[in-house]
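J.: First the structure, which I've put down as structure tokens, then a few questions once you've had a look.
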Amino acid sequence: MALNQGKYKPTICAIDEVDDRSYKLHTSQDDERIDGHGSKQQIEGSETAPLTTNQQKLHMEEAGLTPKELEAARKEALSDDSAVGGGVTPTANTPNSTHASANGLRGRRSFDALMSLSRKRRILYVATACLCALLLVIIFMLLAFWPEVPFYMRAPLCLQRECVESSRQLLLWANTSKSACHETYEWACGNFADEYAKGDYYVIKRGEWNYKTYNEYQELNELNRFISMLPNVAERAYSVESTISSLYRNCRDIDALDKSQSDLLLKQAIKSVGGWQAFSATNRLQNWEYKSALKLLQAKFGIFPYYRVSVENSYNMPYDYIITLDEGQLGLPDKYFYGPDADEEVVRGYKLLLRDFAINMGMVSREADLFADDIFYYERRIVNHIDAAKGSGERQQNKLLRLAELKSIAPSLPILESLQAIFTNIRITEETEVLVRDVEVFHELSTLISTSDKKPINNFIIWSLAREMLPHLSKEYRTLAEHFDHTIYGRTASYPRWLFCSRVVRDWVPFAVDALQQQPPKQQFEAASHSRMSDVNGGLNKTIGNEKFLQLMFYSLRNQLQDSLAQASWLEPTARRFLHKKLAEMRLQFGIPSEVLEQPDYISNYYNDLLLSNLNFVEHLESIWTFRRSRMENKLKPLGMLDVIVSEMYTRDNPQPIAYSNKLNMLLISRVLVSNNYYDYRYPVAVNFARIGTDILETLINNFPTFLLQFNAQSTDLSDAVPEIEYAQPDVSCLSAGQPPRLAHELRSFSPEALKSFHVTLSAARTAARALTSFVTAIDAGSAIQGAGIDQAVTYEALGLTRRLRVPGLRSYNENELFTLAYMQQHCSTTIADKDYARIKPHVERQLAERYLFNATWQHIQFLPRSTNCAASEVSCSNLL
């Protein structure tokens, strides 16, 4: 084969390749070409033959080598040629040899080739290699540190009606575009005031419109609709339905009563208690007996000046009912308004109410002014005596005394006579034991009456009667009461009549209202109701679902409350163990027991003693008190379990939807909370914990002082006794930290009841937040809630707790953030009157203003800001749970 050597100019890389091929030719016998003399023939200039010396030299010259480098290369080539020509076989460079390998030579010469490239191409080559390496590193980093997809991006949305409703409720008031850390109130309650102003309930609530009053309005609105749907003609003449309808209708027709009729009714009531000195000659006042007047006022109308009679649980096992004596009623909402720092506008408004009442009753202006001053200063005198008794060193509180002993302590108070007139069906003697809240207070009240003239005592008793009747008389008298309300709450519009009457029905016959709402009287209504409550997922109706979830939540809250108590180092160990035992044995009752509703005549028999007149609404006051008095008497008799439950739920002065029974050690929850969309088991778990969960905890924690009194009563060692004040009084210095100086000063002047409410609110929120975390953890792990006593696997799945769905509009919010938003909205509020009501609210309602609670909870409950990734203060008050 002919070769064109003139056109072949091998490069350095070609030399390396030829060197490798030369090695292979020496080792492969199949490719050798042997001539006739037996020597190996190499074709000069071929691809398989090594370069000759001249060719190497030519290539080196073209490469631009220096003369010294050329000379060294020439000698090396000559030595190689002589070795070959002399019959010496060159040693091949193998990977195991001590000489440089062929690959190493190739890499060195490749680098030389790279350096021989132009600068631009060399930079491009290096940049490309670096970029590839960088991309490879980035890929490995992404694989190693790729974040987990957030749960809310993977979880499906809950499109059930209840989920959408809960989201609507939260977003209706919130402004989630604001910063939760720097604009917290705007974030949670930014649209609350606007929504209130647009609603039908605008300016019907005095003082402060907040979350609780909003829910109360919704409840009363639903009750008004329910009453309007009751049949006008009942199957029986005195059915419960007719009682409710008659009471409501009579309340709505109050405008038919004119002033002359109101005057006559007032004078008749005054005459029944011995008369008023303003209407009689002075010498007739000498024959007036305050003891008989006080006895008639309490027994006939249920009005208690000086001292109040009730039936409460005792503090000794088995916590039976006992007659209890406490401080009486006054005209102003709180004793604070009789002190030197009282709101002058409220005092002036109260005196104006007294004056206008006297003028409407026929007094001249000068005498009316004297009457107003006499009443106010006499009530102030009563307050001063009570404060002096409470300020004494030796105090006997919650003391069991025989009436004979109490008579020797307070001889001027006709306590025995009053009790015999009130409890006519029970034998009351001097040996009867009663529970006295504060013995020294009764001693001071007796001293006050014994040192008072008959005229101020007569004025005070008559005014106590008239004050209760004013809101139920003609417009002239109702206007007087409304003007006084304006001085307290601010000048706003009056309540609509339907709202007032719905509240009257709810407060006067609560058991009848709840029983009819829980079980409609018509069977077809009941069947339709059950069909509407059916759950499309598996037949779980709303009632059963709410009860099952509430059971799980209650025991989760109870367990967390026990853990919080275990860490309360400020409480005595023996007292902590007692509280822990009370919580461990506590039970839950949701709604009226079904056994009661299954008895067809139970409700009608319950209201047998209630006889309402259809003439004048104000006469219902006497009828309602007669009925309540009979229920009080029944509590002093042996009762069955069902009767005790009903009595505990509905015989209180102010029935609450969530109450605690000391007699049964049972938490009682009314189903009214479900009817106004406040709670539903299909709402997000966090929303239910923030709402009804905190309400349950507030009820339990608020009863802790009673638990401590029970502990003291049963303690055999007096050294173990724990005064109630150690628990009830919060750490004021801590709670006032970080607040404006004015608020900090006012906080120290609040009544013990208001401070206790503040303390309970903060403790309940902290405990509910911890319970939520434990509850969600238990659901994720599929573990049981201790004490619930149900099959958690089946219950979790049936209630939809394992699906962990997100709610529309708040999909990015996890459980903790939803809890924070829902709880902070519990303290949304707006002022709806031209008055600084927040300053006096603790003295009027025994609760702090919601705006103050909003700031305080955000500051003292670290869970709330941390759940939204905000900075949280590390300061925590010492005696908060």
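The values are calculated or read from the model by the stated rules, or taken from the named source; none is laboratory data. These figures come from a predicted structure and were not determined experimentally. Quick reminder, even Gly has a Cβ in these numbers, built from the backbone with ideal geometry, and neighbours come from all protein chains shown.
J.: Does SER647 meet the test of being free of Cβ contacts under 8 Å to residues at least 40 places away in the same chain, within 24 Å of SER418 (Cβ to Cβ) and touching a helix residue (DSSP H, G or I) at 6+ places or on another chain (Cβ under 8 Å)?
T.: Considered against the rule, which asks whether it is free of Cβ contacts under 8 Å to residues at least 40 places away in the same chain, within 24 Å of SER418 (Cβ to Cβ) and touching a helix residue (DSSP H, G or I) at 6+ places or on another chain (Cβ under 8 Å), SER647 comes out as yes.
J.: Can you name the residue in segment 588-603 that is part of a strand (DSSP E or B) and touching a Ser or Thr at 6+ places or on another chain (Cβ under 9 Å) and, of all such residues, is farthest from VAL513 (Cα to Cα)?
T.: Per the criteria, the residue is GLN589.
J.: Among the candidates ARG558, ARG576, which residue alone is in contact with a helix residue (DSSP H, G or I) (Cβ under 7 Å, 6 or more places away or on another chain), without any contact (Cβ under 8 Å) to a residue 60 or more places away in the chain and basic (Lys, Arg)?
T.: Answer to the selection: ARG576.
J.: Can you name the condition, by its number, that TYR650 falls short on among (1) within 18 Å of ILE323 (Cα to Cα); (2) within 33 Å of the chain's Cα centre (by Cα); (3) surrounded by fewer than 19 Cβ atoms within 10 Å (Cβ to Cβ)?
T.: Unmet condition: (3).
J.: Still on this structure, I have one more. Between a first residue in segment 666-688 that is in a loop (DSSP other than H, G, I, E, B) and a second residue that is among the basic types (Lys, Arg) and crowded, with 22+ Cβ neighbours inside 10 Å, which pairs have beta carbons less than 9 Å apart while being 6 or more apart in sequence or on different chains?
T.: The qualifying pairs are TYR678/ARG691; TYR679/ARG691; TYR683/ARG691; PRO684/ARG806.
J.: Here is a further query. Would you call THR432 surrounded by fewer than 16 Cβ atoms within 10 Å (Cβ to Cβ), among the polar types (S, T, N, Q) and modelled with pLDDT of 90 or more?
T.: Spelling it out, it is not the case that THR432 is surrounded by fewer than 16 Cβ atoms within 10 Å (Cβ to Cβ), among the polar types (S, T, N, Q) and modelled with pLDDT of 90 or more.
J.: Here is a further query. Condition check: surrounded by fewer than 18 Cβ atoms within 10 Å (Cβ to Cβ) and at positive phi. Does ASN677 satisfy that?
T.: Yes.
J.: While we're on this one: Quick test for you: out of LYS271, LYS259, LYS300, pick the one residue that is at pLDDT 90 or above, over 36 Å from the mean Cα position of the chain (by Cα) and basic (Lys, Arg). Show your work before the answer.
T.: Working: LYS271 fails: at pLDDT 90 or above; LYS259 fails: at pLDDT 90 or above.
Answer to the selection: LYS300.
J.: I would also like to ask the following. Going by the structure shown, is ARG806 surrounded by fewer than 20 Cβ atoms within 10 Å (Cβ to Cβ) and not β-branched (Val, Ile, Thr)?
T.: no
J.: Given (1) modelled with pLDDT under 90; (2) among the charged types (D, E, K, R); (3) assigned to a helix (DSSP H, G or I), where does ASP653 come up short, assuming only one miss?
T.: Only one criterion in (1) modelled with pLDDT under 90; (2) among the charged types (D, E, K, R); (3) assigned to a helix (DSSP H, G or I) is unmet by ASP653, namely (3).
J.: Are any residues in segment 742-796 of a type in the set (Gly, Ala, Ser) and assigned to a loop (DSSP other than H, G, I, E, B), and if so, which ones?
T.: Answer for segment 742-796, where residues must be of a type in the set (Gly, Ala, Ser) and assigned to a loop (DSSP other than H, G, I, E, B): SER749, SER751, GLY782, SER783, ALA784, GLY787, ALA788, GLY789.
J.: Pull up segment 849-881, narrow it to residues that are modelled with pLDDT of 85 or more and not in a helix (DSSP H, G or I), then point me to the one that is nearest to THR830 (Cα to Cα).
T.: Result: ALA849.
J.: Which one of SER452, SER408 is hydroxyl-bearing (Ser, Thr, Tyr) and under 26 Å from ASP369 (Cα atoms)?
T.: One residue alone meets the criteria, SER452.
J.: Same structure, new question: Based on what the data block shows, is SER408 surrounded by fewer than 18 Cβ atoms within 10 Å (Cβ to Cβ), assigned to a helix (DSSP H, G or I) and among the polar types (S, T, N, Q)?
T.: Judged against the criteria, SER408 is a match.
J.: Still on this structure: Being surrounded by fewer than 17 Cβ atoms within 10 Å (Cβ to Cβ) and not aromatic (Phe, Trp, Tyr) narrows it down to one residue among GLU815, GLU797; which is it?
T.: Selected residue: GLU797, the only one of GLU815, GLU797 that is surrounded by fewer than 17 Cβ atoms within 10 Å (Cβ to Cβ) and not aromatic (Phe, Trp, Tyr).
J.: Select from segment 436-472 the residues that are touching a Ser or Thr at 6+ places or on another chain (Cβ under 9 Å) and among the small types (Gly, Ala, Ser) and write down the one among them that is farthest from MET361 (Cα to Cα).
T.: So the residue we want is SER446.
J.: Follow-up. Does any residue of segment 258-268 turn out to be surrounded by fewer than 20 Cβ atoms within 10 Å (Cβ to Cβ) and either touching a strand residue (DSSP E or B) at 6+ places or on another chain (Cβ under 8 Å) or under 23 Å from SER452 (Cβ atoms) (or both)?
T.: Scanning segment 258-268 turns up no residue that is surrounded by fewer than 20 Cβ atoms within 10 Å (Cβ to Cβ) and either touching a strand residue (DSSP E or B) at 6+ places or on another chain (Cβ under 8 Å) or under 23 Å from SER452 (Cβ atoms) (or both).
J.: A follow-up question, please. Does SER569 satisfy the condition of being hydroxyl-bearing (Ser, Thr, Tyr), surrounded by fewer than 17 Cβ atoms within 10 Å (Cβ to Cβ) and not in a helix (DSSP H, G or I)?
T.: Spelling it out, SER569 is indeed hydroxyl-bearing (Ser, Thr, Tyr), surrounded by fewer than 17 Cβ atoms within 10 Å (Cβ to Cβ) and not in a helix (DSSP H, G or I).
J.: May I ask you to list pairs of residues, at least six apart or on different chains, whose Cβ atoms are under 7 Å apart, with the first in segment 427-447 being within 11 Å of ILE382 (Cα to Cα) and the second being at pLDDT 90 or above and among the polar types (S, T, N, Q)?
T.: Hits for this filter: SER446/SER412.
J.: While we're on this one: Go through segment 614-635 and count every residue that is among the hydrophobic types (A, V, I, L, M, F, W, C) and surrounded by fewer than 16 Cβ atoms within 10 Å (Cβ to Cβ).
T.: Going through segment 614-635 one residue at a time, the tally reaches 1.
J.: Given TYR202, TYR185, TYR214, which one is in a helix (DSSP H, G or I), modelled with pLDDT under 85 and not acidic (Asp, Glu)?
T.: TYR214
J.: Out of the residues in segment 159-192 that are among the β-branched types (Val, Ile, Thr) and closer than 20 Å to ARG866 by Cβ, state the one that is surrounded by the fewest Cβ atoms within 10 Å (Cβ to Cβ).
T.: Among them, the one singled out is THR176.
J.: If ALA388 satisfies every condition in (1) within 19 Å of LYS335 (Cβ to Cβ); (2) modelled with pLDDT of 90 or more; (3) not hydroxyl-bearing (Ser, Thr, Tyr) but one, which is the exception?
T.: With (1) within 19 Å of LYS335 (Cβ to Cβ); (2) modelled with pLDDT of 90 or more; (3) not hydroxyl-bearing (Ser, Thr, Tyr) applied to ALA388, the lone miss is (2).
J.: Out of segment 328-349, which residues are surrounded by 18 or more Cβ atoms within 10 Å (Cβ to Cβ) and under 16 Å from TYR306 (Cβ atoms)?
T.: Of everything in segment 328-349, those that are surrounded by 18 or more Cβ atoms within 10 Å (Cβ to Cβ) and under 16 Å from TYR306 (Cβ atoms) turn out to be GLY328, LEU330, GLY331, LEU332, LYS335, TYR338.
J.: Let me ask something else. Which residue out of PHE578, PHE627, PHE590 is at pLDDT 90 or above and of a type outside the set (Ser, Thr, Tyr)?
T.: Just one listed residue meets the conditions, PHE627.
J.: Any residue at all in segment 373-391 that's free of Cβ contacts under 8 Å to residues at least 12 places away in the same chain and outside any helix (DSSP H, G or I)?
T.: Taking every residue of segment 373-391 in turn, at least one turns out to be free of Cβ contacts under 8 Å to residues at least 12 places away in the same chain and outside any helix (DSSP H, G or I).
J.: I need the full set of residues from segment 349-369 which are assigned to a helix (DSSP H, G or I) and closer than 20 Å to SER262 by Cβ, in order please. Steps first, please.
T.: The initial filter retains those residues of segment 349-369 that are assigned to a helix (DSSP H, G or I), namely 349-360, 365-369.
Once the filter is applied, which keeps residues that are assigned to a helix (DSSP H, G or I) and closer than 20 Å to SER262 by Cβ, segment 349-369 yields LEU352, LEU353, LEU354, ARG355, ASP356, PHE357, ALA358, ILE359, ASN360, ALA368.
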